Amino acid sequence: ERELSIHYLRAIAALMVVAMHAFSYGLVPVDDLAQISWLKRGVALFFVISGFVMVTSTSGRAVTPGAFMLRRIIRIVPLYWVMTLAWAAIATDWDLLKLAGSLAFVPTPDPVSGALRSPVLEPGWTLNFEMFFYMVFALSLWLRPALRLPVVATVLTALVLLGSAAGAGPWLN
């Protein structure tokens with residue numbers, strides 16, 4: 001039952017994200033976007049739930065980093081690639097570097113400004129973060145179980161601190 005409740009919470013987070021997109025893209029009219037800005041927290045909630053699921057799904061089991069990543073890739077990549085390529089077929093604001101970065105879950109710099117661009121399929125920015133979290137967590141699977149969570153938390157905290165440093169540049173930000 002506890003595992004089922006986390007999936008309910010994940011569904012709520014996903015619905016928050018969908019609702020936010022529906023309002024912000026004008027699919028559902030709203031007078032003031034500030035009234036529904038709390039829906040943006042669905043992404044953060046989804047990331048927290050993802051972290052919880054990563055920890056609990058590997059707890060007490062011998063899982064290799066490769067097996068962990070393979071399961072995540074099989075679950076995420078095919079649909080994302082199909083949707084990205086389908087969107088690229090009808091969108092006009094992409095180039096081969098942006099498409100390659102999108103398919104590899106790596107943000108690419110704008111050729112003019114140098115700022116990092118969203119993927120071809122704009123909501124894919126969340127998957128860029130998710131895949132990065134997966135890689136960090138997968139590497140922690142080489143550690144003793146008691147060290148995994150503290151090491152991952154330390155690495156992510158250090159990256160946030162580095163990214164918020166003045167002049168850190170777009171990649172760390």
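The values are calculated or read from the model by the stated rules, or taken from the named source; none is laboratory data. What you are looking at is a predicted structure, and each value in this text was computed from that prediction instead of being measured. A quick note on method: Cβ atoms are made from the backbone with ideal geometry, for glycine too, and the neighbour counts reach across all protein chains shown. When the accessible area is computed, the model is the full protein with side chains, heavy atoms only, and any ligands, DNA or RNA have been set aside. Shrake-Rupley method; radii C 1.70, N 1.55, O 1.52, S 1.80 Å.
For region 50-80, how many residues are among the aliphatic types (A, V, I, L, M), under 13 Å from VAL152 (Cβ atoms) and open to solvent by 30 Å² or more (accessible area, probe 1.4 Å)?
1
LEU99: free of Cβ contacts under 8 Å to residues at least 24 places away in the same chain and open to solvent by less than 50 Å² (accessible area, probe 1.4 Å), yes or no?
Criteria met by LEU99.
Within region 8-49, how many residues are of a type outside the set (A, V, I, L, M, F, W, C) and surrounded by 11 or more Cβ atoms within 10 Å (Cβ to Cβ)?
Residues meeting the conditions: 7.
Among (1) touching a Gly at 6+ places or on another chain (Cβ under 9 Å); (2) of a type in the set (A, V, I, L, M); (3) exposed (fewer than 12 other Cβ atoms within 10 Å of the Cβ), there is one condition MET83 misses while meeting the rest; what is its number?
(3)
Considering (1) open to solvent by 60 Å² or more (accessible area, probe 1.4 Å); (2) over 23 Å from VAL18 (Cα atoms); (3) aromatic (Phe, Trp, Tyr), say which one PHE137 fails and leave the rest.
Status for PHE137: all satisfied but (1).
Suppose the filter is in contact with a Phe, Trp or Tyr (Cβ under 9 Å, 6 or more places away or on another chain) and of a type in the set (D, E, K, R); does ARG61 pass it?
Here the answer is no, as ARG61 does not meet what is asked.
Considering only residues that are among the β-branched types (Val, Ile, Thr) and under 14 Å from PRO123 (Cα atoms), which ones fall in region 1-46?
Once the filter is applied, which keeps residues that are among the β-branched types (Val, Ile, Thr) and under 14 Å from PRO123 (Cα atoms), region 1-46 yields VAL17, VAL18, VAL43.
Report yes if THR126 is closer than 30 Å to ALA22 by Cβ, at pLDDT below 90, among the hydroxyl-bearing types (Ser, Thr, Tyr) and open to solvent by less than 50 Å² (accessible area, probe 1.4 Å), otherwise no.
Yes: the conditions hold for THR126.
Could you please let me know if SER118 is surrounded by 14 or more Cβ atoms within 10 Å (Cβ to Cβ), in contact (Cβ under 8 Å) with a residue 60 or more places away in the chain and within 19 Å of VAL17 (Cβ to Cβ)?
The answer is no for SER118.
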